[in-house]
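Read through the structure below, which is laid out as structure tokens, and then see the notes.
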Amino acid sequence: MTSEITNYRDAFSLDGKVALVTGAAGTLGAEICRGLTSVGASVLITDIVEDRGIALRDELRNRGANAEFFKHNVTDESDWEAAMKMAVDSFGGLDTVVNAAAIVPMRLLADLDVEEFKKVQDVNVAGTLLGCKHASMTMRPGGISGRGGSIINLSSVMGLSGSIALASYNSSKGAVRLLTKSVAAECAMLNTGVRCNSIHPGIIDSDMGTLFLKQLVDLGVVPDMETAEAGFLAGVPMGESGKPQDIAAGIIYLASDASRYMTGAELVIDGGFYAT
Ligand SMILES: NC(=O)c1ccc[n+]([C@@H]2O[C@H](COP(=O)([O-])OP(=O)(O)OC[C@H]3O[C@@H](n4cnc5c(N)ncnc54)[C@H](O)[C@@H]3O)[C@@H](O)[C@H]2O)c1
């Protein structure tokens, strides 16, 4: 465990820390990279999509941040080995891995193809498992970074409760929730200095959020986007959707030494959606 908190500003700072973010070409992943670098971290941006990843790298560099991009398929173990090495070679170590890459095809049960179900588990669950495995091996004592660290897995409120047409995604995000606790327990009991927590965003203004509502319309569950949006917001006590920055702020906390005693926990950021 990192040393006790004696100065809160230092505890919340990420100065000198290094983070790797998967799915970082997406809406939340990109904002997470902006957030992490804004409080001092260097960041390795990874995604299967190259052009948006490189554009983000250039944007961050233009703001004076240390950023690199690595083309990375999270289901490929050799890609993970190369990504870990690149983070350490580029920035001198690794302190945080954010597993944000995911896919969310929506299908009613009668139309659900088992091959598509397996693909979702492969990217969302096996991809996150490989991230946890290689992050812990890299950050534990004797690893190529070896100074402990924090793994943060993007689950969802859809990993805590179910929803129409989301059997594959619900299953995958529920698995990420418990995978996180398993990794947390093992890393703590083996004294690796590695923590692992999950974040559970609710409805966030993002491409994925819009796609989710649009698929409800396309599947005929609701007549139009306005009805879909109103239906979901009716379930949010705070009455509005979240912003990508709300998720990045939670990631900064879990990456920082301020959360040094937190592992295996679930950080729900959803305007009260799951509370009701
Ligand atoms: N946006 C939301 O409202 C919301 C809500 C709850 C949870 N989440 C979770 O937050 C995370 C980020 O969501 P987002 O809104 O940024 O999604 P997004 O679709 O914008 O981004 C996901 C990224 O993952 C990448 N990706 C897909 N398959 C990959 C693979 N095999 N290897 C590497 N990268 C791959 C995509 O290229 C994309 O850039 C996801 O895990 C998602 O499930 C999002």
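The values are calculated or read from the model by the stated rules, or taken from the named source; none is laboratory data. Note that the coordinates shown come from a computational prediction; the quantities given were computed from them, not determined experimentally. Quick reminder, even Gly has a Cβ in these numbers, built from the backbone with ideal geometry, and neighbours come from all protein chains shown. Just so you know, the surface numbers come from the protein's heavy atoms only, side chains and all, with ligands and any DNA or RNA stripped out. Shrake-Rupley method; radii C 1.70, N 1.55, O 1.52, S 1.80 Å.
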Exercise. Report the extension gain between Met225 and Leu108 in nm, rounded to one decimal, defined as 0.36 nm multiplied by the number of residues separating them, less their alpha carbon distance.
Key: 40.3 nm
Quiz item: If you take the beta carbon distance between Leu190 and Lys118 as r and set R0 to 25 Å, what does 1/(1 + (r/R0)^6) give as a FRET efficiency, to the nearest 0.05?
Solution: 0.20
Practice problem: Return the tail of the calculated pair distribution for the range 62-155, meaning the percent of Cα-Cα pairs more than 16 Å apart. | Solution: 60
Quiz item: Using only helices, what value at 222 nm comes out for the chain when you add -39,500 (n - 2.57) per DSSP H run of length 4 or more and divide by the total residues, to the nearest 500 deg cm²/dmol?
Solution: -13500 deg cm²/dmol
Quiz item: Does the range 117-259 come out rounded, prolate or oblate by the C-alpha gyration tensor, with a ≥ b ≥ c the root eigenvalues, rounded set by a/c under 1.5 and, if not, prolate when a/b is larger than b/c and oblate if not?
Solution: prolate
Quiz item: Counting only protein chains, not ligands or nucleic acids, how are Tyr169, Tyr8, Tyr274, Tyr261 ordered by accessible area (probe 1.4 Å), most first?
Solution: Tyr261, Tyr8, Tyr274, Tyr169
Quiz item: P(r) of the range 1-124 in 5 Å steps, Cα pairs, percent per bin?
Solution: 2, 11, 19, 20, 16, 12, 9, 6, 4, 2, 0, 0
Quiz item: Between rounded, prolate and oblate, where does the chain land on the alpha carbon gyration tensor, with a ≥ b ≥ c its root eigenvalues, rounded for a/c under 1.5, else prolate if a/b exceeds b/c?
Solution: prolate
Self-check item: Within the chain, longest stretch clear of exposed GluC sites (Glu not before Pro) (DSSP loop, no more than 16 other Cβ within 10 Å)
Solution: 5-239
Quiz item: Quick one: how many Å² of Phe91 are accessible to a 1.4 Å probe, rounded to 10?
Solution: 40
Quiz item: Where does each of Arg260, Arg107 land when they are ordered by accessible area, with a 1.4 Å probe and the largest first?
Solution: Arg107, Arg260
Practice problem: Classify the range 38-105 as rounded, prolate or oblate from the Cα gyration tensor: take a ≥ b ≥ c as the square roots of its eigenvalues, call it rounded if a/c is under 1.5, otherwise prolate when a/b beats b/c and oblate if not. | Solution: oblate
Exercise. Post the alpha-carbon centroid distance, the range 1-37 to the range 38-94, in whole angstrom.
Key: 14
Quiz item: So how compact is the range 165-236: Cα radius of gyration and Dmax in angstrom?
Solution: 17.1, 53
Quiz item: How much accessible surface area, in Å² rounded to 10, belongs to the heavy atoms of Asp76 with a 1.4 Å probe?
Solution: 60
Quiz item: Going from most exposed to least, what order do Ser90, Ser136 have by accessible area with a 1.4 Å probe?
Solution: Ser90, Ser136
Quiz prompt | Relative contact order (%) - criterion: Cα under 8 Å, at least six apart; region: the chain | solution = 21
